[in-house]
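The values are calculated or read from the model by the stated rules, or taken from the named source; none is laboratory data. Everything numeric in this text was worked out from a predicted model, so none of it was measured. Here the Cβ positions follow ideal geometry from the backbone for every residue, glycine too, while neighbour counts run over all protein chains shown. Please note that ligands, DNA and RNA were not included when accessible areas were found on the heavy atoms of the full protein model with its side chains. Shrake-Rupley method; radii C 1.70, N 1.55, O 1.52, S 1.80 Å.
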Amino acid sequence: MSKIKKIGVFTSGGDAPGMNAALRAIVRTAVYHNIEVVGIQHGYNGMIKSDFIPMGPRSVSNIIQRGGTILKTARSSEFMTREGRAKAAANLSAQGIDGLVAIGGNGTFQGATLLYDEHMIPTVGVPGTIDNDLYGTDFTIGYDTAINTAVEAIDKIRDTADAHDRVFYVEVMGRDSGFIALDVGISAGAEYIAIPELEANFEAIRQKLTTGSRQRSSIIVIAEGCFNGGAMDLARRMSEFVHLHYRVTVLGHIQRGGSPSARDRVFAAKLGSGAVEALLKGELNVMAGEINNSLVLTPMRDTWEKRKEIDSRLVDLAQILSI
Ligand code: F6P
């Protein structure tokens, strides 16, 4: 029998499409198991300020299709201090909250690890970030929607690039990782994909852009974490030895918004529900992810301490397909 009677749920860090779908699954699964649910607004900041709201099955109606997060989110600097975490823990205990479900990414799970180490508050994490850079899960909630948004945008850019015979340097999100860039670049048929995991080969880019047999418009996809200044920086460097008309497009936060794809909604439902059930079974500090289509619980610390590797077969494939 689980000792847990009341859980807190929150979203934290960068929002991702599908966070609401996960929240809906968490609240309804908890209520199904007769567990009370408190929503914590504005991430860890809300925990520190007791920004709590009661939640029930109807408070998550009509949100499955909405991007963003109805609980709001934040990156909390106060929670990164020991005092901030002590305040948060005291507020949770005053509310009678015995466990947490956290929807977020690296920073969120780092915070949850500290909260457990210092105050023994059990948390199960649900991976919600468009970056797909969490160890312990093949995908993260929001990734599928974000890459589809980016590909749709690049398909449009191709039309105008082709009309003017221009090179477009398109920057996609992914501060420390190239998952988005790699999938988006392959899907959009990019001539070159620059990711932070691999050193950029300027000579290869020059050749791609200048080989005579090529059509004269080209798309180069760059993860924002590359070089010192992402696409702008690469375009400037290349312009020194490639004299072609070019433009730079930074897709930016458009990739974070919008209605989640069906795939992200189903994924969020499975992981949200799985996280609550894990908490009720006594799991203390893990993330509920999916590997090879099975629910897998990974120690929370591993999710941010270990690095999820880029699929090298995809890197090779991108090269073969862009000859
Ligand atoms: O972590 C998700 C993410 O969208 C990254 O890809 C990006 O670097 C970052 O968040 C941007 O964060 P902010 O919205 O705080 O500028």
Subject >> About the Cα centre, charge dipole magnitude for segment 146-256 (Lys/Arg +1, Asp/Glu -1 at Cβ), debye >> reply: 300
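Taking 8 Å as the Cα distance limit and 6 or more residues as the minimum spacing, I'd like the relative contact order of segment 146-256 as a percentage.
On the way: 201 pairs, mean separation 44.7, N = 111.
Relative contact order here is 40 percent.
Of the listed peptides 21-32, 258-269, what is their order by residue-averaged count of other C-beta atoms within 10 Å, with the highest listed first? Let's see the in-between values first.
Numbers: 21-32: 23.9, 258-269: 20.2.
Ranked from most to least packed, the peptides come out as 21-32, 258-269.
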**OP:** Quick one: among G178, G96, G274, which has the greatest mean-square fluctuation in a GNM of the chain with alpha-carbon springs under 10 angstrom?
**Re:** G96
Original post:
What nm distance separates the two modelled labels at L321 and D155, each placed 7 Å from Cα along Cα→Cβ?
Top reply: 1.4
Subject >> Table column - 3J(HN,Hα) (Hz), segment 167-183, Karplus curve with 6.51, -1.76, 1.60, x for Gly and Pro >> reply: 8, 10, 9, 10, 9, 10, 6, x, 4, 10, 9, x, 4, 4, 4, 5, 5
Subject >> Value in Å of the Kirkwood radius, where segment 1-98 supplies the Cα pairs that are averaged >> reply: 13.8
**OP:** Mind giving me the FRET efficiency for H243 and D311? R0 is 30 Å, r the Cβ-Cβ distance, nearest 0.05 is fine.
**Re:** 0.30
Original post:
So how many Lys-Lys pairs in the chain land under 26 Å Cα to Cα, not counting same-chain pairs under 8 apart?
Top reply: 22
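Using the Cα centre of the chain as the reference point, and only Cβ charges (+1 on K/R, -1 on D/E), how large is the resulting charge dipole? Debye, rounded to the nearest 20.
On the way: 34 positive and 36 negative charges, 175 e Å.
In debye, rounded to 20, the chain gives about 840.
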Subject >> Residue-by-residue Karplus 3J(HN,Hα) for segment 146-153, coefficients 6.51, -1.76, 1.60, Hz, glycine and proline x >> reply: 4, 5, 5, 4, 5, 5, 4, 5
**OP:** Could you tell me what fraction of 2.2 N^0.38 Å the Cα radius of gyration of the chain comes to, as a two-decimal ratio?
**Re:** 1.08
Original post:
Among rounded, prolate and oblate, which fits segment 146-256 when a ≥ b ≥ c are the square roots of the eigenvalues of its C-alpha gyration tensor, a/c under 1.5 means rounded, and a/b larger than b/c means prolate?
Top reply: oblate
Subject >> Stretch in the chain that is longest and holds no GluC sites (Glu not before Pro) that DSSP places in a loop and that have at most 16 other beta carbons within 10 Å >> reply: 1-198
Original post:
Assigning unit charges at the beta carbon (Lys, Arg +1; Asp, Glu -1) and nothing else, what dipole magnitude in debye, to the nearest 20, does segment 1-157 show about its Cα centre?
Top reply: 620
Subject >> Nearest 10 degrees, 0 to 90: helix 19-32 Cα axis against the chain principal axis >> reply: 20
Subject >> R206/E78 FRET efficiency (R0 35 Å; Cβ-Cβ; nearest 0.05) >> reply: 0.15
**OP:** Mind jotting down the three principal axis lengths of segment 23-168 based on Cα atoms? Whole angstrom, largest first.
**Re:** 63, 35, 27
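Tell me, what are the semi-axes, in whole angstrom and largest first, of the equivalent ellipsoid of segment 94-191 as set by the roots of 5 times the Cα gyration tensor eigenvalues? Numbers along the way, then the final one.
Numbers: eigenvalues 306, 25, 19 Å².
Taking √(5λ) for each Cα gyration eigenvalue gives 39, 11, 10 Å.
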Original post:
So what's the gap between the Cα centers of segment 76-129 and segment 12-35, to the nearest angstrom?
Top reply: 16
Subject >> P(r) histogram, all alpha-carbon pairs of segment 176-323 included - 5 Å bins from 0, percent >> reply: 2, 8, 14, 16, 16, 14, 10, 8, 6, 4, 2, 1, 0
**OP:** Give me the distance between the Cα centres of segment 136-179 and segment 271-323, rounded to whole Å.
**Re:** 22
Original post:
Which listed residue (S273, P299, A223) has the Cα farthest towards the positive end of the charge dipole for the chain, taking +1 on Lys and Arg C-beta and -1 on Asp and Glu C-beta about the Cα centre?
Top reply: S273
**OP:** Give the angle, between 0 and 90 degrees and rounded to the nearest 10, that separates the Cα long axis of helix 106-119 from the longest principal axis of the Cα atoms of the chain.
**Re:** 30
Original post:
Long-range amide H contacts for S218: which residues qualify at under 5 Å (H placed 1.01 Å from N, peptide plane, sequence gap of 5 or more or a different chain)?
Top reply: R166, V167, F168
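Quick check for you: with a 1.4 Å probe and neighbouring chains kept, what is the accessible area per residue of segment 146-256, in Å²?
On the way: 5250 Å² over 111 residues.
Accessible area per residue: 47 Å².
Give me the percent of the accessible area of the chain that comes from carbon and sulfur atoms, probe 1.4 Å, all protein chains in place.
Working: 7310 of 14490 Å².
Ligands and nucleic acids excluded, carbon and sulfur reach 50 percent.
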